[in-house]
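Below is one structure, written out as structure tokens; the observations come after it.
The values are calculated or read from the model by the stated rules, or taken from the named source; none is laboratory data. Everything numeric in this text was worked out from a predicted model, so none of it was measured. Every residue, glycine among them, receives a Cβ derived from its backbone with ideal geometry; neighbour counts consider all protein chains shown. Just the protein is used for accessible areas: all its heavy atoms, side chains included, with ligands, DNA and RNA removed. Shrake-Rupley method; radii C 1.70, N 1.55, O 1.52, S 1.80 Å.
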Amino acid sequence: MAKCPVCFRHCNIEEGGLGFCGGRTAEGGITKAYNYGRITSLALDPIEKKPLARFCPGSYILSVGSFGCNLRCPFCQNYEISWSEEAKVFAKEARYLSPEEVVDLALETRDRGNIGIAFTYNEPLIGYEFVRDTAKLAKERGLKNALVSNGTAEPDILAEIAPYMDAMNIDLKGFTDEYYRDLLGGNRRQVMDFITKAVETAHVELTTLIIPGENDSEEEIRELAQWVGGLRNPDGDQVPLHITRFFPQFHMTDRGPTDVKKVYHLADLAREYLKYVYVGNC
Ligand code: SF4
């Protein structure tokens with residue numbers, strides 16, 4: 001049995017078993033990334049798709065993902081590889097790529113505008129060892145690194161990858177403790193602490209997906225934007241916020257997509273506190 005140090009769940013994992021996220025196992029009394037190098041998704045994406053609006057605009061980034069997640073968002077946009085039954089199939093079929101192979105692929109696509117590697121699609125930090133090893137090598141070879149995360153890893157894990165990370169997009173999924181706890185299975189305070197630490201070393205942008213009837217009140221967006229307005233990126237500038245539109249899928253099909261007018265209205269409210277607010281999926 002080993003206690004996992006990676007996220008707030010601190011699972012006790014039996015030898016050879018799996019943690020809650022499905023991405024970590026225990027071997028010899030310590031936990032390790034079961035999903036190390038086991039790639040389910042690989043694409044050369046525009047950087048704006050991460051989304052990162054104010055980091056190397058117009059460039060591309062080789063985006064890699066594995067499987068597993070430590071949250072339980074019923075509306076997950078990547079449920080095939082996060083926490084669904086399909087994710088277990090993907091876990092079996094994922095092909096192995098070493099950090100060297102991923103870095104070589106990134107270098108080969110430089111002439112297509114690629115600036116580096118983005119760790120994304122599932123929650124990358126449940127397999128932080130692969131992120132750390134790959135990002136370190138990528139940096140040594142002149143590439144940039146970006147992380148797209150739900151921001152629920154412990155500070156020690158962030159400290160392991162921070163030296164190699166140039167940019168991050170972190171979900172700030174809502175701004176009430178209840179929303180994080182009851183709908184997503186997470187902890188808002190921990191995400192806020194993660195973001196506060198992340199802005200010390202990397203260019204950070206945040207994403208809030210607006211779910212009708214859940215996190216879409218004017219009051220909540222104002223409070224969220226006010227808090228974000230107090231953060232500063234390493235260059236001293238404000239942290240950009242992406243406000244995105246929900247579409248029904250996975251376990252949340254009981255409501256329609258977010259009204260486009262509502263997304264734009266909430267973005268306008270956020271602009272009362274923030275210089276950089278972007279809308280997405282509209
Ligand atoms: S990273 Fe996975 S195994 Fe570790 S504590 Fe979190 S959910 Fe459990």
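Within segment 102-131, residues that are basic (Lys, Arg) reach no partner that is buried (at least 23 other Cβ atoms within 10 Å of the Cβ) with beta carbons closer than 7 Å at six or more positions or on different chains.
Please verify whether segment 230-239 includes one or more residues that are open to solvent by less than 40 Å² (accessible area, probe 1.4 Å), in contact with a strand residue (DSSP E or B) (Cβ under 8 Å, 6 or more places away or on another chain) and closer than 13 Å to Ala267 by Cα.
For segment 230-239, residues open to solvent by less than 40 Å² (accessible area, probe 1.4 Å), in contact with a strand residue (DSSP E or B) (Cβ under 8 Å, 6 or more places away or on another chain) and closer than 13 Å to Ala267 by Cα: absent.
Here is the figure for segment 25-53: residues that are within 17 Å of the chain's Cα centre (by Cα) and among the charged types (D, E, K, R) total 4. Look at Pro51 and say whether it is open to solvent by 60 Å² or more (accessible area, probe 1.4 Å), within 27 Å of Asn233 (Cα to Cα) and more than 16 Å from the ligand (Cβ to nearest atom). Taking the combined requirement at face value, the residue does not satisfy it. Evaluation of Ile117 against the conditions (1) over 26 Å from Lys3 (Cα atoms); (2) open to solvent by less than 20 Å² (accessible area, probe 1.4 Å); (3) part of a loop (DSSP other than H, G, I, E, B) shows that the sole unmet condition is (3). Against the numbered list (1) within 16 Å of the ligand (Cβ to nearest atom); (2) over 11 Å from the mean Cα position of the chain (by Cα); (3) among the hydrophobic types (A, V, I, L, M, F, W, C); (4) open to solvent by less than 10 Å² (accessible area, probe 1.4 Å), Leu147 comes up short only at (2).
Yes or no: Gly58 among the small types (Gly, Ala, Ser), assigned to a loop (DSSP other than H, G, I, E, B) and crowded, with 19+ Cβ neighbours inside 10 Å? Please lay out each step first, then the result.
Numbers: among the small types (Gly, Ala, Ser): yes; assigned to a loop (DSSP other than H, G, I, E, B): yes; crowded, with 19+ Cβ neighbours inside 10 Å: no.
When the stated conditions are applied, Gly58 does not pass them.
Within segment 110-144, being within 16 Å of the ligand (Cβ to nearest atom), acidic (Asp, Glu) and either closer than 18 Å to Glu100 by Cβ or modelled with pLDDT under 95 (or both) holds for one residue alone: Glu129.
Within segment 179-194, residues that are touching a residue at least 12 places away in the same chain (Cβ under 8 Å) and more than 14 Å from Glu154 (Cβ to Cβ) have Cβ atoms under 7 Å from residues that are open to solvent by less than 30 Å² (accessible area, probe 1.4 Å) and among the aliphatic types (A, V, I, L, M) in these pairs: Leu184/Leu71; Gly185/Leu71, counting only partners at least 6 apart in sequence or on another chain. Within segment 268-280, residues that are hydroxyl-bearing (Ser, Thr, Tyr) have Cβ atoms under 6 Å from residues that are assigned to a helix (DSSP H, G or I) and open to solvent by 70 Å² or more (accessible area, probe 1.4 Å) in these pairs: Tyr273/Gln226, counting only partners at least 6 apart in sequence or on another chain. The number of residues in segment 150-178 being out of contact with any Pro (no Cβ under 8 Å at 6 or more places or on another chain) and either assigned to a helix (DSSP H, G or I) or of a type in the set (Asp, Glu) (or both) comes to 12. Across segment 64-80, the qualifying residues are those that are crowded, with 23+ Cβ neighbours inside 10 Å and touching a strand residue (DSSP E or B) at 6+ places or on another chain (Cβ under 6 Å), and the one among them that is farthest from Glu123 (Cα to Cα) is Val64.
Per the conditions (1) farther than 27 Å from Asp216 by Cα; (2) surrounded by 23 or more Cβ atoms within 10 Å (Cβ to Cβ), the sole criterion not satisfied by Thr201 is (2).
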